[in-house]
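One structure below.
The values are calculated or read from the model by the stated rules, or taken from the named source; none is laboratory data. The structure presented is a predicted model; accordingly, all values stated were derived computationally and were not measured. Reconstructed Cβ throughout: ideal geometry from the backbone, glycine too, with neighbour counts over all protein chains shown.
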Amino acid sequence: MALQDKYQPVINLANSKGVTSLQVREQDNVLYIDGTAPSEEVKQQIWDTYGAIDPDYRAGDLVLNIEVDAAAQAQVYTVKSGDSLSKIAKNYPGLTWQKIFEANKDQIKDPNLIRPGQKLKIPAA
């Protein structure tokens, strides 16, 4: 039970961020945490929390197996003539042009300048 206490912040975060199929079990002095995160961002937050507890990952007493929900992975949208980030965002409930811009900063420097044929990542809302 001591390992669950040690890693309770990781477990709490997983629960609060909507990790599904969450399983926590202790076996041979190792805590196993398995589940499916709704996004890559949530998975990273969980790993960051683990890193705050064991910064060098040397304790060897936690196996963290968090997958990302394949359905929540970013979709790809091909820009059409007349599109804007705002117009594209309207096609995805809960999504804003700012989120699309953030997800595509590697290829968009100015959110007002997108071009037909460009392939944009559409993040989960």
Checklist entry - Does region 28-40 contain at least one residue that is touching a Phe, Trp or Tyr at 6+ places or on another chain (Cβ under 9 Å) and farther than 30 Å from residue 111 by Cβ? => result yes
Next on the checklist: Need a quick list: strands (runs of 3 or more DSSP E) entirely within region 1-106 having at least 1 residues that are crowded, with 16+ Cβ neighbours inside 10 Å and of a type in the set (Gly, Ala, Ser).
Outcome noted: 30-37
Checklist entry - When only residues in region 107-125 that are assigned to a loop (DSSP other than H, G, I, E, B) and surrounded by 13 or more Cβ atoms within 10 Å (Cβ to Cβ) count, which is modelled with the lowest pLDDT? => result 124
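Listed here are the residues, each with its yes/no results for (1) outside the structural domain of residue 23 (by TED's automatic domain parsing); (2) aromatic (Phe, Trp, Tyr); (3) farther than 24 Å from residue 9 by Cα; (4) touching a Pro at 6+ places or on another chain (Cβ under 8 Å).
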| site | (1), (2), (3), (4) |
| --- | --- |
| 44 | no, no, no, no |
| 47 | no, yes, no, no |
| 50 | no, yes, no, no |
| 53 | no, no, no, yes |
| 107 | yes, no, yes, no |
| 113 | yes, no, yes, no |
Next on the checklist: For region 11-22, give me each residue that is over 16 Å from residue 50 (Cβ atoms) and more than 14 Å from the chain's Cα centre (by Cα).
Outcome noted: 21
Next on the checklist: Checking the structure you have, find out if any residue of region 45-52 is at negative phi and in contact with a Ser or Thr (Cβ under 9 Å, 6 or more places away or on another chain).
Outcome noted: no
Next on the checklist: For a quick check of your reading of the model, give me the residue pairs whose first member lies in region 49-66 and is over 17 Å from residue 19 (Cβ atoms), whose second is not small (Gly, Ala, Ser), with beta-carbon atoms closer than 6 Å and at least 6 apart or on different chains.
Outcome noted: 61/3; 61/30
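Conditions (1) over 30 Å from residue 117 (Cβ atoms); (2) among the small types (Gly, Ala, Ser), marked per residue:
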{"position": "47", "(1), (2)": "yes, no"}
{"position": "51", "(1), (2)": "yes, yes"}
{"position": "63", "(1), (2)": "yes, no"}
{"position": "67", "(1), (2)": "yes, no"}
{"position": "77", "(1), (2)": "no, no"}
{"position": "93", "(1), (2)": "no, no"}
{"position": "97", "(1), (2)": "no, no"}
{"position": "103", "(1), (2)": "no, yes"}
Checklist entry - In region 68-90, which residues are free of Cβ contacts under 8 Å to residues at least 12 places away in the same chain and closer than 27 Å to residue 36 by Cα? => result 70, 71, 89
